[in-house]
Amino acid sequence: MSLLYAIGLAAAAMGAMVWLFRLPKAAAFAIGSALILGLAGFALQSDPGKPGAPAGAAEGGKGEDGTPLVESRKLFFAKRLPPPSYMIFADAYTRQGQYADAVTILREVVDKHPKDGEAWVALGNVLVAKGQGNLAPPALLAYRKASQADPDSLAPGFFMGVAELQAGRLVEGYKLWAAALSQSPPDAPGRAELEQRLAQLDTLMRQIAAGR
């Protein structure tokens, strides 16, 4: 199977999920990330191998599986033991696809804990999910606040890049990932994972360009 054919299949899959089966676009935030990274893996190994995230049929966020948003965020932060109770509650709502409730909790959290970079990232993620995958100004503000609270974290740049990739803006996503890596220390949590994904994305973009 050629790379361009695989890209066509992925695009068709996304179209079917969003339009034919009326999958809420919020769920596509996680699923699209898996497809993009799967294509990157295909470019290197000819094996997409990245499953999409499951999602429920209910519209408006409820019923979706938001677990990928929680688990992917945790890759970029050191574990806090025990985790703050407010993050436990917010993550519980996120996992259930109840993004509006998660937003309500997290807005209160960042008001009380404005230097909690992980809470700001969590807020940005659920705002993007609640906004059907759109990187709207409130989400951008949350990611900027996350960067200010934790300048060494890769998470804000990573998730902004994911949103750009889902919108089909591969170059913008690549730039965000590259900038995040250039501005973070060598021991930043999640650095190895992002370096690998950036390299895969670079290879994917080169093969797409070569196929035109």
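Any chance the stretch 121-129 includes a residue that's among the small types (Gly, Ala, Ser) and either in contact with a Cys (Cβ under 8 Å, 6 or more places away or on another chain) or without any contact (Cβ under 8 Å) to a residue 60 or more places away in the chain (or both)? Yes, there is a match, as at least one residue in the stretch 121-129 is among the small types (Gly, Ala, Ser) and either in contact with a Cys (Cβ under 8 Å, 6 or more places away or on another chain) or without any contact (Cβ under 8 Å) to a residue 60 or more places away in the chain (or both). Among the candidates Ala92, Ala102, Ala139, the residue that is at pLDDT 95 or above, part of a helix (DSSP H, G or I), buried (at least 24 other Cβ atoms within 10 Å of the Cβ) and among the hydrophobic types (A, V, I, L, M, F, W, C) is uniquely Ala102. Glu64 meets each of the listed conditions (1) in contact (Cβ under 8 Å) with a residue 24 or more places away in the chain; (2) in a loop (DSSP other than H, G, I, E, B); (3) over 18 Å from Gly131 (Cβ atoms); (4) of a type outside the set (A, V, I, L, M) apart from (3). The residues of the stretch 179-196 that are in contact with a Gly (Cβ under 9 Å, 6 or more places away or on another chain) and farther than 19 Å from Lys145 by Cα amount to a single one, Leu194. Filtered by the rule that a residue be within 18 Å of Phe159 (Cβ to Cβ) and over 12 Å from the mean Cα position of the chain (by Cα), the stretch 100-122 gives Ala102, Val103, Leu106, Arg107, Val109, Val110, Asp116, Gly117, Glu118, Ala119, Trp120.
Table: residues versus (1) farther than 30 Å from Arg80 by Cα; (2) under 15 Å from the mean Cα position of the chain (by Cα); (3) part of a loop (DSSP other than H, G, I, E, B).
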| position | (1), (2), (3) |
| --- | --- |
| Met160 | no, yes, no |
| Val171 | yes, no, no |
| Glu195 | no, no, no |
| Leu198 | no, yes, no |
| Met205 | yes, no, no |
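Among residues of the stretch 80-104 that are among the aromatic types (Phe, Trp, Tyr), those with a Cβ under 6 angstrom from a residue that is outside any helix (DSSP H, G or I), sequence gap 6+ or separate chain, pair up as Tyr99/Gly61. Residues of the stretch 109-129 that are among the basic types (Lys, Arg) and buried (at least 23 other Cβ atoms within 10 Å of the Cβ): none at all.
The values are calculated or read from the model by the stated rules, or taken from the named source; none is laboratory data. Just so it is clear, the model here is predicted, and its values are computed rather than measured. Heads up, the Cβs are rebuilt from the backbone with ideal geometry, glycines too, and the neighbour counts pull from every protein chain shown.
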